[in-house]
Amino acid sequence: MKDNNIILSGKNIVKTYGENTVLNGVDINIYKGSFTVIMGASGSGKSTLLYMLSGMDQLSGGKVVFKGRNISGLPEKELALIRGSEFGFVFQKINLVSSLSIYENILMAGLVNTFITEKEAREETERLLEKMRILSVKDHLPSEVSGGEAQRAAVARAVIGKPCILFADEPTGALNKSNTKEVLDLFTELHNEGQGIILVTHDKEAAIRGNHIIYIEDGAIV
């Protein structure tokens, strides 16, 4: 791919915790609209790399460039604005608000996005409920739906603001085989529609969904 298609890059990324080096000079390019998979064994540094690229954690060295801008040294308030408007997040632990319905969880994410109106947020919530095949459980609490339905709701919540990049950290790690396939099918569908995705996984079945696969071992890309 051409360099002008690079939307996010990490240059010589280093992350240390005390004397423990988790990432050791990682260089990585993420291309616009790509489905990038970061693979590696447990403890290899793959999730840490995702946190560095998304601005969720501070680098010990190196830099992260998003849309041509070095975001590594930005104040937390500016980073939060970028995360809120440009990035979406899905994790292994489904962090839905337990006291809100599936519909309300998705809608609230839309309402905090200042770029869409309340009417647009409600319309987009309904569209995503149908797209994620969870319309029938929209009034249920997260505790009242299956793990797969809850994770699809979490994906809907992550993409309601139309993020540039969807970051997913082991999103199927806690799901059974059938629910895993449903969530991965959804990621494939989103990518085919143009959604940029960075997926961290150790699962080969998940990894083959990507079109750009990176393997990390002992804090370095191999």
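The values are calculated or read from the model by the stated rules, or taken from the named source; none is laboratory data. None of the values given here were measured: they were computed from a predicted structure. Heads up, the Cβs are rebuilt from the backbone with ideal geometry, glycines too, and the neighbour counts pull from every protein chain shown. These accessible areas exclude ligands, DNA and RNA; they are computed on the full protein's heavy atoms, side chains included. Shrake-Rupley method; radii C 1.70, N 1.55, O 1.52, S 1.80 Å.
A few remarks follow.
- Condition check for residue 111: open to solvent by less than 50 Å² (accessible area, probe 1.4 Å), free of Cβ contacts under 8 Å to residues at least 60 places away in the same chain and over 21 Å from residue 171 (Cβ atoms): no
- Scanning the stretch 197-213 for residues that are surrounded by fewer than 21 Cβ atoms within 10 Å (Cβ to Cβ), in contact (Cβ under 8 Å) with a residue 40 or more places away in the chain and not basic (Lys, Arg), we see that the one that is nearest to residue 41 (Cα to Cα) is 202.
Residue-by-condition table, conditions (1) in contact with a strand residue (DSSP E or B) (Cβ under 9 Å, 6 or more places away or on another chain); (2) under 22 Å from residue 163 (Cβ atoms):
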{"position": "7", "(1), (2)": "yes, yes"}
{"position": "13", "(1), (2)": "yes, yes"}
{"position": "17", "(1), (2)": "no, no"}
{"position": "21", "(1), (2)": "yes, no"}
{"position": "26", "(1), (2)": "yes, no"}
{"position": "33", "(1), (2)": "yes, yes"}
{"position": "38", "(1), (2)": "yes, yes"}
{"position": "46", "(1), (2)": "yes, yes"}
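- Tallying residues that are free of Cβ contacts under 8 Å to residues at least 40 places away in the same chain, within 18 Å of the chain's Cα centre (by Cα) and open to solvent by less than 50 Å² (accessible area, probe 1.4 Å) within the stretch 139-164 yields 2.
- For residue 24, the criteria (1) within 20 Å of residue 158 (Cα to Cα); (2) in contact (Cβ under 8 Å) with a residue 40 or more places away in the chain; (3) open to solvent by 80 Å² or more (accessible area, probe 1.4 Å) hold in every case but one, which is (1).
- Conditions (1) under 18 Å from residue 148 (Cα atoms); (2) part of a helix (DSSP H, G or I): number failed by residue 191: (1)
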